[in-house]
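Down below is the structure, laid out as C-alpha cells.
The values are calculated or read from the model by the stated rules, or taken from the named source; none is laboratory data. In this text, all values refer to a predicted model and were calculated from it rather than measured experimentally. Please note: Cβ atoms are built from the backbone with ideal geometry, for glycine as well, and neighbour counts cover all protein chains shown. Note: areas computed on protein heavy atoms with side chains; ligands, DNA, RNA excluded. Shrake-Rupley method; radii C 1.70, N 1.55, O 1.52, S 1.80 Å.
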Amino acid sequence: MRAARGWLVALGAALVLLGLCASANLFLATVATTYYVGAMMLVGGVFQILHAFGTRKWGSAGLWLLSGVLYLLAGFAVFSDPLFAAAVLTLFLAVSLGFSGLLRLWVAIGAGVAGRGWMVVSGIASIAAAVIIGLEWPVNTLWILGLILAVDLIFQGVALLAVGLSVKTPRGI
C-alpha cells in the first residue's frame, strides 16, 4: 500500500475534481452517463454476438445472437435519442431502488442477526429515494443521473483520499 499511496491520493483528488465538474453541469453529466451506458450496450452486444458464433455446438447460439442484436439495437437507440434513454434509465433506477429496498426490508425483518437495524434503515432509504425519483419523473430525467454520477465520483474520491492519506510513509522518506 505504501508504494500506491501517491496513486491513491492522486486518483482520489482527480475523482473529487471530476465529481465537482459533473455537479457543475448535471445535464451534461446525465447525457455523458447515458452515452456511457449506450456504449457499454454496444460493446456487450458485439461480445454476445461473437459468443453466439462460438456456442453453435451448444444449441443456444440463436438465443445469444438474438440477445446480442437486442443489445446492439438498444445501444443505437441510446445514441439516437439520449434524452429518452435517460428517462428510461431514470425510471429503471427508481424501480430498482424500490425493489432493492423492499428486499432489504424483507431480509432484515426475517433475519435474526445483530445489526439488522442498519439493513432496515438502508431499505427505507432506498425506498425513499425510489419514491422521490419516481414522483419527479420524467422532469428529473434531465439531472438525476448526473447528480448520482457526481455524488458517486466525489464519494469514491474522498474514500481514496482517506485511504491514501492514512497510509504511513516509511521512515527516512
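Looking at L17, L42 in this structure, which one is surrounded by 14 or more Cβ atoms within 10 Å (Cβ to Cβ), of a type outside the set (S, T, Y) and at pLDDT 95 or above? Lay out the reasoning, then the answer.
Details: L17 fails: surrounded by 14 or more Cβ atoms within 10 Å (Cβ to Cβ).
The unique qualifying residue is L42.
If a residue must be open to solvent by 90 Å² or more (accessible area, probe 1.4 Å), under 21 Å from G134 (Cα atoms) and of a type in the set (D, E, K, R), how many such residues does the range 96-120 contain?
0
Which residues, taken from the range 25-39, are in a helix (DSSP H, G or I), out of contact with any Pro (no Cβ under 9 Å at 6 or more places or on another chain), under 15 Å from I148 (Cβ atoms) and open to solvent by less than 90 Å² (accessible area, probe 1.4 Å)?
Those that are in a helix (DSSP H, G or I), out of contact with any Pro (no Cβ under 9 Å at 6 or more places or on another chain), under 15 Å from I148 (Cβ atoms) and open to solvent by less than 90 Å² (accessible area, probe 1.4 Å): L26, A29, A32, T33, V37.
If you take the residues in the range 124-156 that are more than 18 Å from the chain's Cα centre (by Cα) and part of a loop (DSSP other than H, G, I, E, B), which one is surrounded by the most Cβ atoms within 10 Å (Cβ to Cβ)?
Of everything passing the filter in the range 124-156, W137 is surrounded by the most Cβ atoms within 10 Å (Cβ to Cβ).
Considering only residues that are open to solvent by 70 Å² or more (accessible area, probe 1.4 Å) and touching a residue at least 12 places away in the same chain (Cβ under 8 Å), look in the range 74-90 and name the one that is farthest from V43 (Cα to Cα).
L83
Would you check if there is a residue in the range 157-169 being assigned to a helix (DSSP H, G or I), open to solvent by 60 Å² or more (accessible area, probe 1.4 Å) and charged (D, E, K, R)?
No; the residues of the range 157-169 include none that is assigned to a helix (DSSP H, G or I), open to solvent by 60 Å² or more (accessible area, probe 1.4 Å) and charged (D, E, K, R).
Before we move on, is A52 aliphatic (A, V, I, L, M), open to solvent by less than 40 Å² (accessible area, probe 1.4 Å) and either in a helix (DSSP H, G or I) or under 30 Å from A130 (Cα atoms) (or both)? Explain how you work it out, then say what you get.
Numbers: aliphatic (A, V, I, L, M): yes; open to solvent by less than 40 Å² (accessible area, probe 1.4 Å): yes; either in a helix (DSSP H, G or I) or under 30 Å from A130 (Cα atoms) (or both): yes.
So A52 passes the test.
Are there any pairs with C-beta distances below 9 angstrom linking a residue in the range 13-42 that is touching a residue at least 40 places away in the same chain (Cβ under 8 Å) to a residue that is buried (at least 18 other Cβ atoms within 10 Å of the Cβ) and among the polar types (S, T, N, Q), with the two at least 6 apart or on different chains, and if so which?
A22/T33; T30/T90; T30/T141
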